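Novice: Please read through the structure below; I'll follow up with questions.
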Amino acid sequence: MNYFLTWALILVLGTIILYFIMKNVLRVVVTFLFIVFLFVAMTLTLTYSDVQSLREDIQDKEIVLIVHDQGNYLFGLVQYTENEEKKVKEISLSEDDLAAAVADEHYKTILQSGSYYKVILLDKSVFAVLPSEITAGNETQATNDLFAILSDTNNSFDERAIAFSTLLSALSEQEGMFYVLSEFQNGNVVIYPKTMFFRVLESLPLSWVDKLIPNGFVSG
């Protein structure tokens, strides 16, 4: 009799203890899942908001485009739209200040030097996929010559801007946005400030996001 009472007591106590253990475990699991849900929901909301802002602002605001060679500044310009026409102008900073900011990765300095929406930096290696010669209109130029023109400070801004725009247009036409996004993930393209969409983009498969950025985000 005592044997059965002992086991009955153990069974009851074990059931009670197991109940509280499972109750606490369940509470932890539910809390964890709730936190994960909140994190995912917040990330998706901020990402969607960022994409919508990008789509709306990309056509109206000024974007700084810079090409460099492993941190050595080559050339940069401001791209903007006026009367539905794409135009370019000089960046507010001097060449020396731009070179220092790029070398030190002080992109905030560039952004705050004017009313700029984004600063986009492309390493020269991004253009390595281009052919040795590029045809624009009726003129064919060597790709290396275009880089020589844009990096030569003795040339006028317009001459350098045309060379840079020719390279950008050729890259956009040949490779498309998917390539630019892949180079962003590889670190050869930098976008500042890196808002939520671009933070998410770094860790997502390109097939999920290659259609989210508007056409013309990086173009000549």
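Novice: Does region 107-130 hold any residues that are farther than 14 Å from LYS61 by Cα and in contact (Cβ under 8 Å) with a residue 40 or more places away in the chain, and which are they?
Specialist: TYR107, LYS108, ILE110, LEU121, LEU122, ASP123, LYS124, SER125, VAL126, PHE127, VAL129, LEU130
Novice: Residues of region 88-135 being farther than 26 Å from PRO193 by Cα and crowded, with 17+ Cβ neighbours inside 10 Å, which ones? Explain how you work it out, then say what you get.
Specialist: Pass one, region 88-135, residues farther than 26 Å from PRO193 by Cα: 129-135.
Within region 88-135, just ILE134 meets the criteria.
Novice: What tally of residues in region 120-148 results from selecting those that are farther than 20 Å from SER182 by Cβ and part of a strand (DSSP E or B)?
Specialist: So the count comes out to 8.
Novice: A follow-up question, please. On the basis of being modelled with pLDDT under 95, surrounded by 15 or more Cβ atoms within 10 Å (Cβ to Cβ) and assigned to a helix (DSSP H, G or I), does LEU168 make the cut? Before you say what the answer is, go through the steps one by one.
Specialist: Working: modelled with pLDDT under 95: yes; surrounded by 15 or more Cβ atoms within 10 Å (Cβ to Cβ): yes; assigned to a helix (DSSP H, G or I): yes.
Yes; evaluated as a whole, the condition is true for this residue.
Novice: How do the pairs read when you match residues in region 166-180 that are within 17 Å of LEU65 (Cα to Cα) and among the β-branched types (Val, Ile, Thr) with residues anywhere that are surrounded by fewer than 19 Cβ atoms within 10 Å (Cβ to Cβ) and at pLDDT below 85, using Cβ under 8 Å and keeping only pairs 6 or more apart or on different chains?
Specialist: Listed pairs, sorted by first residue: THR166/ALA136; VAL180/PHE217.
Novice: Being in contact with a Lys or Arg (Cβ under 6 Å, 6 or more places away or on another chain) and within 28 Å of GLN185 (Cβ to Cβ) narrows it down to one residue among VAL78, VAL102, VAL88; which is it? I'd like the intermediate steps shown before the answer.
Specialist: On the way: VAL102 fails: in contact with a Lys or Arg (Cβ under 6 Å, 6 or more places away or on another chain); VAL88 fails: in contact with a Lys or Arg (Cβ under 6 Å, 6 or more places away or on another chain).
Of the residues listed, the single one that is in contact with a Lys or Arg (Cβ under 6 Å, 6 or more places away or on another chain) and within 28 Å of GLN185 (Cβ to Cβ) is VAL78.
Novice: Next up: So which residues in region 149-165 are free of Cβ contacts under 8 Å to residues at least 24 places away in the same chain, exposed (fewer than 15 other Cβ atoms within 10 Å of the Cβ) and either in contact with a strand residue (DSSP E or B) (Cβ under 8 Å, 6 or more places away or on another chain) or in a helix (DSSP H, G or I) (or both), if there are any at all?
Specialist: Within region 149-165, ASP158, GLU159 meet the criteria.
The values are calculated or read from the model by the stated rules, or taken from the named source; none is laboratory data. It should be emphasised that the depicted structure is a prediction, and the values quoted were computed from it without experimental measurement. Because the Cβ atoms are built from the backbone with ideal geometry, glycine has one as well, and the counts that use them run over all protein chains shown.
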